[in-house]
1. Could you give the C-alpha radius of gyration of the range 365-488 expressed as a fraction of 2.2 N^0.38 Å, taking N as the number of residues it contains?
2. Just to check I understand the Karplus step: with θ = phi - 60° and J = 6.51 cos²θ - 1.76 cosθ + 1.60, what whole-Hz values come out for the range 184-201, glycine and proline as x?
3. For the range 14-164, compute the orientation-averaged projected area of the C-alpha convex hull (one quarter of its surface), in nm².
4. Straight-line reach from Lys250: which lysines have a Cα under 19 Å away, not including same-chain ones fewer than 8 places off?
5. Highest mean first, what order results for 397-404, 326-333 on Cβ atoms within 10 Å?
6. How large are Rg and Dmax for the range 1-50 when only the alpha carbon atoms are used, in Å?
7. Of all accessible surface on the chain at a 1.4 Å probe, what whole percent is carbon and sulfur?
8. Here are labelled values, [x] 143; [y] 172; [z] 162, and one is the computed volume of the Cα convex hull per residue in Å³ for what I pasted. Which one?
Amino acid sequence: MDHSRAPVLEALEQFRRRGDVVFGPPGHKQGRGTDPRVAEVLGIDVFRSDVLILNGLDDRRESQGVLEEAQELMADAVGAERAFFSTCGSSLSVKTAMCSVAGPGEKLLLSRNAHKSVIAAVIINGVEPIWVHPKFDTERHMAHPPEPDDVRDRLSEHPDAKGMLLITPTEWGTCADVRGVADACHAYDVPLIVDEAWGAHLPFHPDLPAWGMDADADLVVTSVHKMGGAIEQSSVFHLQHDRVAPEVLKQREDLLGTTSASCLVYGALDGWRRQMAERGREMLEAAVHRAWRIRAELRELPGLRIMGGGEVIEEGLAAEFDPMKIVMDVRDLGISGMQAAEWLRAYRHVDVGGSDTCRISASVTHADDDETEKALLDAMRSLVENAGSLDRRPAVRLPEPRALELDQVVLPREAFFGPAEQVPAERAVGRISAEMISPYPPGVPVVAPGELITHEVLDYLRSGVAHGFLIADAADPLLESLRVTART
């Protein structure tokens, strides 16, 4: 296929040349009604490019096939049979994918280190989650993806499960043996969905971890805004084989997605695919070298422990590691990752990607250059020099990894929508949660609806709040009280 083409962007250029006068949405009418104060901040071209597909980039019947052609080019670029664009982010795409494989009351295997969007899909869809617990790294207090044998074991216990959802790479760059998990699923003739939100760049360079389509996954969801070059909420479904019907996937997406899809997202996805098809290997080659160079410089700083990837693979904790994720453990500086992130933003104007009790992470992409490299290294040197002056906060009481494997005693949907009450935190131990409790980032629920609340987990969460956890999804973000199922 001709990857110099960008059908969405070409149609937008044609729309502008024609000078169409639109008497439908959006109401700002390609910027005519935009407040100049808004345009000064956002740029007037954002509004000029805010055009509908129907009776905009394409006609009423979509007879020009603008979007379809762009999706075909995307599929060809990454080696998928089909690709579908989504403008609601991978949080929506994951829900769609899960609804395409399992319905209410049916079983679906899920990595328990899943993002809150996965748990939300379980609640919305009413599936019975069969948790596949990740491989816990006690020393780093980190969860790595589950292994193929873990999946085989769960499938042998639940042969009626409809499929598996695997999260890889993780927020911290560690990756699963995707092919091994795919083989385990296909032995039972069920599909493997891969939530590869952090892996949009993987198809375009051979030295990066295995890309889900190449590793025989059936359905892969990517967030192109995370490690790619598209704007926020840019997501793509990639599909192959016949275990997930494309028409079913499309109908589920139509059920959950917006009817006012953003041309800005479509155009950004289309343009990013063209860029990667033409220059992706070259650009990612430079980015990978830059990431290793930054990592080597950081290793020279006292008090920082830099996760290089090789050690977690050698220790049998992960199958692969994305070198473009620079993970820095700051505990030896006497501070938490959350404190480090806040200090870097306040005093060096550097915003890191992830942070938790132990570490921070910085994502290097094709967009980085010498200036951004210098900014990160200078900021980290300054952090090391000034860490001793940071106020000490109450310690987070980290539980043993197994303490995080809570008992699921009620289906998440039943617990979330059923009768519930708000009780003081000290009375929540031994009760069934009716809410998600997710420290953010990375947004992985420590407690999911239907799980039994334990003293160890509650102590961890409340000490975390005292330290500075952001918990936006709990009814009481301070966790002075918790929402639990009502006793009958």
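The values are calculated or read from the model by the stated rules, or taken from the named source; none is laboratory data. Since we're looking at a predicted model, the values are computed, not measured. Ideal geometry is used to build each Cβ from the backbone, glycine not excepted, and the neighbour counts take in all protein chains shown. Protein only, heavy atoms only, side chains kept; ligands, DNA and RNA dropped before computing areas. Shrake-Rupley method; radii C 1.70, N 1.55, O 1.52, S 1.80 Å.
1. 1.37
2. 4, 5, 5, 4, 9, 6, 10, x, 9, 9, 10, 7, 9, 3, 8, x, 4, 7
3. 14.5
4. Lys95, Lys162
5. 326-333, 397-404
6. Values for the range 1-50 (Cα only, Rg and Dmax): 13.1, 43 Å.
7. 48
8. [z]
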